[in-house]
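Below is one structure, written out as structure tokens; comments come after it.
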Amino acid sequence: MIAGRHPWGSNQGAVAFRKMSYTVLMIGVLINFFSYAIEPEHSLFSLVMSFAFVASVGLGALFWVAIEYLTSAVWSVAMRRVFEFLAGVIPFLIILALPLLFNLHEIFIWTHKSYIKHNSGMLIKLPYLNAISFTIRTIVILAVWVLFYELMTRNSLLQDTTHEEDLTKRNIKLSAAFMPIFGVTLTLFAIDWLMSLSPSWYSTIFGVYYFAGASLAAMAMGTLMVVTLNENGLFPVKLSRDHYYNLGGLIFAFSNFWAYIAFSQFMLIWYGNLPEETAWIIPRMNGSWAAISVILVFFHFLVPFVGLITRSAKMKPQRLISISICILLAHALDIYWLVMPAYSEKRAPFSLAELSFLLISFGFVFAVFAQKSKRNSLIPVGDPKLKKSLEFQI
Amino acid sequence: MNDEKLYGLTALFDSPDKIVLATRAVVKEGYKAFDIYTPYPVHGVDRGMRLKQSRIGLVTLIFGLMGVALALLLTWWTNSVNYPLIIGGKPFWALPAYIPVTFELSVLFGAVFTILGLLVIFFGFPQNVHPLHGTDFMKRVSSDRFGICIEAVDPKFDSKRTADFLQTLGSEKIEPIYYSLLESPGVGTILNRKFLLSLLFVAAVSSGLTYLTLNKLLFLHPWISLAEQIKVLPESRSTFYVDGFAMRQPVQGTVARGHMPYAFVGNMKGAEKFMINPLTPTKQVMELGRRDFNAYCSPCHGYFGDGDSRLQGQFPNPPSLHSDALRQASDGHFFHVITEGFRNVMPSYDQQIPEEERWAIIWYIRALQRAKHAKETDVP
């Protein structure tokens, strides 16, 4: 059953999934164009959100692949390909970045000369925060990600035919090199694209916050894919409840990790009560943003916490699917909560732009996944650890 | 053998695969009261035993939540009911500040009571003996063999038949286990009165010896001759004086060296009438006055004596120093107010500002008053 490539790409369900994801993506893009005609700035902000969301899922997935290699994990080998497909969005991130890089002036207030003139504290940040170095940084960061993605997945795909154990070892070395680079680039990316929306504000834990959300979102997306495919008999091999248990455990752990980091950031700012720090928190604690903050705590932390706390819950496929969807939507809300107060400080906006954010984000990830899985096997058939992975028991 | 009773039959196996197969066979045969002993966790055993989900998680949850409740109660009662203190301008019950301690107490309670719960629920504490303790069987299964023990209380148990059954599973050694009725389950030797008394005795003796020797040794000063002198220590009791105080009061009317008592205590009229500023307004005096005024007075009175406090309403604003009444008030009035404070609102600066500097401040106030009401002729 393990040997041979499973023709998932020609499966009826796969075709339907592919069509659905392309349709969602297309509708999202159309709505974004329509919204651009009405409120150009608003639609650009929604594109920033889509960029941040897709990047977080893609990069989080690559992080999990690297973690699997670094820890020589066995149980997750059968699912690794799913995460590689999710990381497949990385080369396409430039499509989302380009329209933004040409419109930095509409999005980032630090590009305005008048703003810098009236905020003397900004002068010291100018060598870092200017349009040219910002663009160069973004392109270099994306290039580094694409490089690691391409090298790691190429080795993994090559193993499907050659069955060489050496390729695994090469990927372990690549992962070791990737980890520190991942930490630095992800932090810079979060600072550039999310924190600099309010350029006078800073939080030293911000990169970790984005990482917590990214790793959790990638794990939830991967779990959603794995469990849905497996329960519908579309996965080439049969995964057991023990695999589900581990996926659920990681979701539970990283949901807690996110809450821990989010609270650490909030409490230090709240307790220090310094004007330059609270300026970012205060809009999020007032008006309709306060409601968004509370909803975020509920669906990003409390619901997954209660929903996955027992051992049996982590093994229930239906529970895993619903919690994964809950977390993915909460992560989208988290990105919205990070980005949109810079656009509308008093009131949480909801219009076509936000709708296009959801459609583009999910459509993008699904479409790339569908496209990748069309040609390649859903499991790494050549990985020497695959058999042990399938026999895994907790 | 009269006072001994059969506990069960044990069987040893030499590989993890065999124990998994044996577990399934024992379950299939219908045995309920049995347990598996392995030197390390073997995959498939718990599933083979058809174990239900452990309830210990519930204990953790309940006591974890109890920790949460206790932490919230503690922070609420201490900091907003019993002894309300403003810390960092935060509300008395500042929830975000108390989340860390709440989290930590929940973890502490959850962890400690999980361990205690395990001891009580699964090991039957205070019961501290088990028939399998010290048997060869236990020695082997904690080292290099895998074992099953089918207990005699099982309704399907029958010495002969069960032994045969275990033999068919491929066991390398089958052995019955007996236990003494004196140590039958339910009679915990840990609650034995003699044992508890000796425990108490050992505790008292060891802590007493520690207190009497170690405590003294630890706090022994190396140069004892200088540290321990025959002298009266402050605030100690005296057996010599009638009033029992070791410390003596100074003779009535004593004046400390270098300190002149204020002559007009509680007598503002006298101060206004008789006191004269002894300083002349030189540049140094004005500079001294400006420095002291800005340091001590300006937080409430404002840099120019307008009464525009910088404390943002946390303290009542004083009146302006430029009113007609105050411009006409004598220097003695100002000196008296600085020395004694004013109407329970302005505190006394007697201890902070030396007399000479008080007079310098008064010169500076005069200069401020003059500057506010400058005439054209003042311009040089």
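Odds and ends about this structure:
- Sites residue B:164 and residue A:176 - FRET efficiency at Förster radius 45 Å, r taken between beta-carbons, to 0.05: 0.20
- Neighbourhood charge, 13 Å Cβ-Cβ cut-off, centred on residue A:367 and excluding it, Lys, Arg +1 and Asp, Glu -1: +4
- Centroid-to-centroid, using Cα positions, the stretch B:336-350 and the stretch A:356-381 are 78 Å apart.
- Efficiency of FRET between residue A:115 and residue B:87 - r from beta-carbon atoms, R0 45 angstrom, step 0.05: 0.80
- Sorting B:364, B:303 by accessible area puts them as B:303, B:364; the probe is 1.4 Å, largest comes first, and only protein heavy atoms count.
- Residues B:17, A:383, sorted by accessible area with the largest first, give B:17, A:383 [1.4 Å probe; ligands and nucleic acids excluded].
- The protein assembly as shown: C-alpha gyration tensor shape, a/c 1.5 cut-off, then a/b vs b/c: oblate
- Kyte-Doolittle at least 0.5, axis length at least 18 Å by Cα - qualifying DSSP helices, chain A: A:12-38, A:40-71, A:131-162, A:165-193, A:206-231, A:317-339, A:352-375
- Drop in accessible area of at least 50 Å² in the complex versus isolated chain, residues of the stretch A:227-270, 1.4 Å probe: A:263, A:270
- Taking Cα centre as origin and charging only the Cβ of basic (Lys, Arg, +1) and acidic (Asp, Glu, -1) residues, the dipole magnitude of chain B rounds to 260 debye.
- Carbon and sulfur %, accessible surface of the protein assembly as shown computed with the full protein complex present, 1.4 Å: 65 percent
- Residue B:226 accessible area, 1.4 Å probe, all protein chains in place, Å² to nearest 10: 130 Å²
- Degrees, to the nearest 10: B:331-340 long Cα axis against longest axis of chain B: 20 degrees
- Distance in nm between pseudo-label sites at residue B:329 and residue A:126 (7 Å out along the Cβ direction from Cα): 5.2 nm
- Interface burial in the stretch B:42-69, defined as at least 50 Å² less accessible area with all protein chains than with the chain alone at a 1.4 Å probe, covers B:43, B:47, B:53.
- For the protein assembly as shown, accessible area per residue (1.4 Å probe, heavy atoms of protein chains only), Å²: 56 Å²
- Rolling a 1.4 Å probe over the protein chains gives residue A:173 an accessible area of about 150 Å².
- The dipole here belongs to the protein assembly as shown: it is taken about the Cα centre, uses +1 on the Cβ of Lys and Arg and -1 on the Cβ of Asp and Glu, and is about 1000 debye.
- Full extension of the segment from residue B:192 to residue B:29, taken as 0.36 nm per residue of separation minus the current Cα-Cα distance, would add 54.6 nm.
- Over 29 Å apart at the Cα level, from the set A:387/B:156; A:385/B:32; B:18/B:139; B:5/B:194, are A:387/B:156; A:385/B:32.
- For the stretch B:73-104, heavy-atom accessible area (probe 1.4 Å) falls by no less than 20 Å² from the chain alone to the full protein assembly at B:87, B:90, B:96, B:97, B:99, B:100.
- Highest-MSF residue in chain B out of B:106, B:80, B:323 [GNM, Cα springs under 10 Å]: B:323
- Local electrostatic count, residue B:158, Cβ distance below 12 Å [Lys/Arg +1, Asp/Glu -1]: 0
- When A:200, A:43 are compared by accessible surface with a 1.4 Å probe, the order from highest to lowest is A:200, A:43.
- The calculated FRET efficiency for residue A:92 paired with residue B:70, based on their beta-carbon distance and R0 = 56 Å, is about 0.60.
- Simple spin-label estimate for residue B:273 and residue A:351 gives 8.1 nm between the two label positions (7 Å along the Cα-to-Cβ direction from each Cα).
- In this simple spin-label model, placing a label point 7 Å from the Cα along the Cα-to-Cβ direction at both residue B:47 and residue A:143 gives a separation of 5.0 nm.
- Relative to the longest principal axis of the Cα atoms of chain B, the long axis of helix B:355-372 makes an angle of roughly 70 degrees.
- Accessible area buried between chains A and B, both sides summed, probe 1.4 Å, in Å² to nearest 100: 1200 Å²
- In chain B, the longest principal axis of the Cα atoms and the axis of helix B:159-168 are about 90 degrees apart.
- Cross-link partners for residue A:125 among the lysines, with Cα-Cα distance under 24 Å and sequence neighbours closer than 8 places in the same chain left out: A:113, A:117.
- Residue B:282 contributes an accessible area of around 60 Å² to the protein surface, as traced by a 1.4 Å probe with all chains present.
- Dipole of chain A, positive direction: furthest Cα of A:389, A:177, A:191, with charges on the beta-carbon: A:389
- Annotation for the stretch A:146-221 versus the stretch B:263-310: alpha-carbon center distance of 67 Å.
- Note on chain A: with a GNM built from Cα contacts shorter than 10 Å, the maximum mean-square fluctuation among A:44, A:274, A:96 falls on A:274.
The values are calculated or read from the model by the stated rules, or taken from the named source; none is laboratory data. Just so we're clear, the structure is a prediction, and the values are computed from it rather than from any experiment. Using ideal geometry, Cβ is built from the backbone for each residue, glycine included, and neighbour counts are taken over all protein chains shown. For accessibility, only protein heavy atoms count, side chains too; no ligands or nucleic acids. Shrake-Rupley method; radii C 1.70, N 1.55, O 1.52, S 1.80 Å.
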